[in-house]
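To keep things clear, I will list the structure first and then write my remarks on it.
FYI, it's all coordinate maths here, none of it is from the lab. Please read these numbers as outputs of a predicted model, since none were measured by experiment. Heads up, the Cβs are rebuilt from the backbone with ideal geometry, glycines too, and the neighbour counts pull from every protein chain shown.
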Amino acid sequence: MDDWLTAATEGDPEAVEALYRRHAPAVFRLAASLLNDADDADEVTQDTFVYALRNLRRFDPARSAFQTWLFTIAISRCRNKRRRKWLDTVPLSRWLRSEPRREGQRLRIVEEWLTARGVRRDLWAAIQGLTPSLREALVLRFVGGLTYAEIGEAVGCGGRAAESRVRTAIGALRRQLAPQAESAPDWLEALAEARS
Amino acid sequence: MLHVAFDDLPLEALAADELLPPEARAHVADCADCRAELAARRETAAMVAAAGRALNRLPVNTARGWAAVRRRLGEPIALRVQRASRRLSLQAALSGAIVAMAFLSGMSLNLARAAGPSVPAIQTPGAVLIIRDDTPTLAVTRASAEFTPTLTLTPIPVVTN
């Protein structure tokens, strides 16, 4: 267990803040990738740390890395958030002022960020289109950098099942993204011929 | 000719031809379709990995989040206990209401059966629809504090074409 973690467990406020500042960005990125909503991701990040910092003594370094433990808590909070989204709510004050919904607005910044770094624009949307269990496994692997065993620990399945989910997710993305490049020109050609 | 089952291949096998199982490697060398599929999967995996790396460089402002977390961590324990107990009270009240409704609902069913055991009845917590001699009859059941039932039978006119 690292020094900051030991000190934080003993109640050192400076160590608690250091733990937050070191790990919060990774938790936020994970939640943002899973929820596609920056406000929700902020909330999940806060909830995760409030729980983790109040329950530091429950963390068992022999069982998992600290970040994997945080991700496990964050995944659970993200699932709760998704469930509640079925009953969508709008604050009365916003409804009365007829303000437009802010949902997802800030995450366009993420799309722009990825596109500016050479990532296909439609990849983010395709990842959001995956089923929650595939998205969780894929994001934990490629954004969280977890091993398959750690992914299994975080999402509550075995390492082999985690690997299978990542593989299935890649297959699903390949099917979703590749046909656009391969078949669209033929389709457009046929349309152009029909019009001429 | 059996094509490569890409959905069953370990993901790492996509990284290089040398990592493919021998029979898959031999097949890919001769099959243009599987070569194209392998290339597409490699490209997708590389794209997702690149997106992950880019996302991990996304700057995140932790100052506002830390202020909120510190505020929540700093709440006096008494206030947290008070909030938790308020939540528990609300949950207890809701559970009580549900139990009471279930009890009254069961009682209304029993009353309908007592009124005419052989009479088919459809019951809800507030009313019972009894079918008697082809004349649907609405029976409203109520329970007083002493659980003395009041049974009112109201015939419903049946409209026939």
*Under a plain spin-label model, where a point goes 7 Å from the Cα along Cα-to-Cβ, how far apart in nm are A:Arg21 and B:Arg70?*
1.0 nm
_Inter-chain shielding of A:166-174 (mean C-beta neighbours from other protein chains, 10 Å cut-off)_ = 6
*Could you line up A:His23, B:His3 from fewest to most neighbouring Cβ atoms inside 10 Å?*
B:His3, A:His23
*How do the peptides B:7-19, B:50-62 rank, highest first, by the average count of neighbouring beta carbon atoms within 10 Å per residue?*
B:50-62, B:7-19
*Tell me, in nm to one decimal, what length is gained between A:Asp39 and A:Asp12 on full extension, where the rule is 0.36 nm per residue of separation less the Cα-Cα distance?*
6.8 nm
